[in-house]
Every structure is written in structure tokens, then in C-alpha cells.
1. Of the labelled options (1) 16.4; (2) 19.6; (3) 15.8, which one gives Kirkwood radius over Cα pairs in Å as computed for this structure?
2. Return the FRET efficiency for the residue pair Glu108, Asp46: r is the Cβ-Cβ distance, R0 is 30 Å, and the value is rounded to the nearest 0.05.
3. Hey, fewest Cβ within 10 Å first, where do Trp86, Trp129 land in order?
4. Length gain on complete extension for the stretch Asp94 to Gln66, per 0.36 nm per residue less the alpha carbon to alpha carbon distance?
5. Determine the relative contact order of the chain: mean sequence separation of Cα pairs under 8 Å and six or more apart, normalised by residue count, in whole percent.
6. Give the peptides 95-107, 139-151 in descending order of average Cβ contacts within 10 Å, highest first.
7. Please give the calculated 222 nm ellipticity per residue for the chain, where each DSSP H segment of at least 4 residues contributes -39500 (n - 2.57) and the sum is spread over every residue; nearest 500 deg cm²/dmol?
8. Please list, in order, the residues from the stretch 99-142 whose amide nitrogen is less than 17 Å from a point placed 7 Å along the Cα→Cβ vector of Asp155.
Amino acid sequence: MLIAMAGLPGVGKSAIADAIGERLGLAVVSVDPIESAILQAGIDGDQPTGLAAYLVAETLADAVLQSGRGVIVDAVNAVTPAREQWVRLAARRDVAVRFIAVECSDPEVHRSRLESRERDLAPLEEPTWHAVERSLDEWEDWSGESADVRRLTIDTLRPLEECVAEAVEFVRA
């Protein structure tokens with residue numbers, strides 16, 4: 001199985017992905033640490049490091065699937081091409097694919113989480129609240145092949161444990 005997370009920075013995708021992975025024994029491949037490593041290697045930030053990180057994540061997720069294990073891809077997945085990347089990978093490996101869309105319906109809580117998190121991913125810079133607002137404006141509706149995939153939307157205003165329990169139930173169904 002391939003589970004692809006989706007949601008703006010700071011909504012709680014990684015916390016949920018990590019908890020699901022731990023509970024179900026699934027590998028978690030996260031795009032942000034990959035992009036950080038690309039930048040650490042000296043690749044200029046003006047280059048498409050985000051795209052490169054998604055492609056590396058796809059390669060890693062593919063290797064996990066080839067080994068017979070399931071994988072969770074932890075990424076923003078804001079646009080249709082990114083989402084369909086995971087649909088195509090699941091089809092190539094003949095495994096089920098699910099999306100878990102994560103949101104935080106209270107902008108003040110979301111902003112507070114974003115501004116207080118510390119992930120130690122230098123030189124990758126943490127997004128500002130202004131950048132997240134811009135990302136929201138650029139967020140694409142679910143369309144194409146990814147629109148047909150089973151998807152759960154979780155609002156992280158609820159306690160993490162409730163969100164994780166709902167996600168685990170969704171994945172197992």
C-alpha cells in the first residue's frame with residue numbers, strides 16, 4: 001500500500017504520518033529532509049530542489065514497495081502532477097493507494113504551530129506564514145486520476161490521537 005499525505009506546511013502531516021507508520025509498520029518517506037540534504041550537498045536553492053526532492057522520494061518509495069512493504073509519503077502534494085506521481089507509482093507496483101489530506105481549520109492555531117516548530121532541517125528554511133498563505137492560494141482542487149483515489153480529510157484541531165486513530169481505520173478499510 002502507498003499512502004500519500006497532503007496538506008499545507010504546519011498542519012500536522014508529519015506527526016500523523018509518523019504515528020501511522022509506527023502503528024502499522026509502514027516506512028515513511030518525507031520530502032522535506034530530502035530537500036534539506038539536496039541543499040546540504042551544495043545544490044543552489046535557485047534550482048528546482050523541491051521537484052528533485054519529490055523525485056528522490058518517489059525512488060525511495062518505489063524501493064520500499066519493491067521490498068514488499070507499504071510506504072507513507074509525507075509531502076505537501078498541493079498540485080495535481082505531484083498527486084498523480086503517487087497514483088502512477090502505485091499502479092506500476094500494483095498496490096493500493098490512499099490520500100490523507102490534512103488541514104487545520106483554525107488559521108490562528110495553524111499559524112502558531114507553524115511558527116513554533118523546530119525541525120532541524122537547515123539549510124532548508126521553514127516557511128513563513130506569508131508563504132503558507134500564498135501556498136493556499138496556489139492549492140489545486142483534486143482533479144484527474146488523483147480525484148478518483150480514496151481520500152480522507154482530517155482536521156487537526158482535534159487531538160493527535162483522534163486524528164491518528166481515524167487515519168489508521170481509513171487505511172485498514
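Values quoted throughout were computed directly from the atomic coordinates according to the rules given, and no laboratory measurement underlies them. Only a predicted model underlies this, so the values are computations on that prediction, with no experimental measurement involved. Neighbour counts are summed over all protein chains in view; Cβ atoms, including those assigned to glycine, are modelled from backbone coordinates with ideal geometry.
1. (1)
2. Values: r = 33 Å, r/R0 = 1.11.
Working from the Cβ atoms, E equals 0.35.
3. Details: Trp86 28, Trp129 15.
If I rank by nearby Cβ atoms, fewest first, I get Trp129, Trp86.
4. Numbers: separation 28, 0.36 × 28 = 10.08 nm, distance 1.03 nm.
Contour length minus the Cα-Cα distance gives 9.1 nm.
5. Numbers: 262 pairs, mean separation 60.5, N = 173.
With pairs under 8 Å counted, the relative contact order is 35 percent.
6. Listed from highest to lowest mean packing, they are 95-107, 139-151.
7. Values: 8 runs with 91 residues, N = 173.
Counting only the DSSP helices, I get -16000 deg cm²/dmol.
8. Residues passing the 17 Å test: 101-111.
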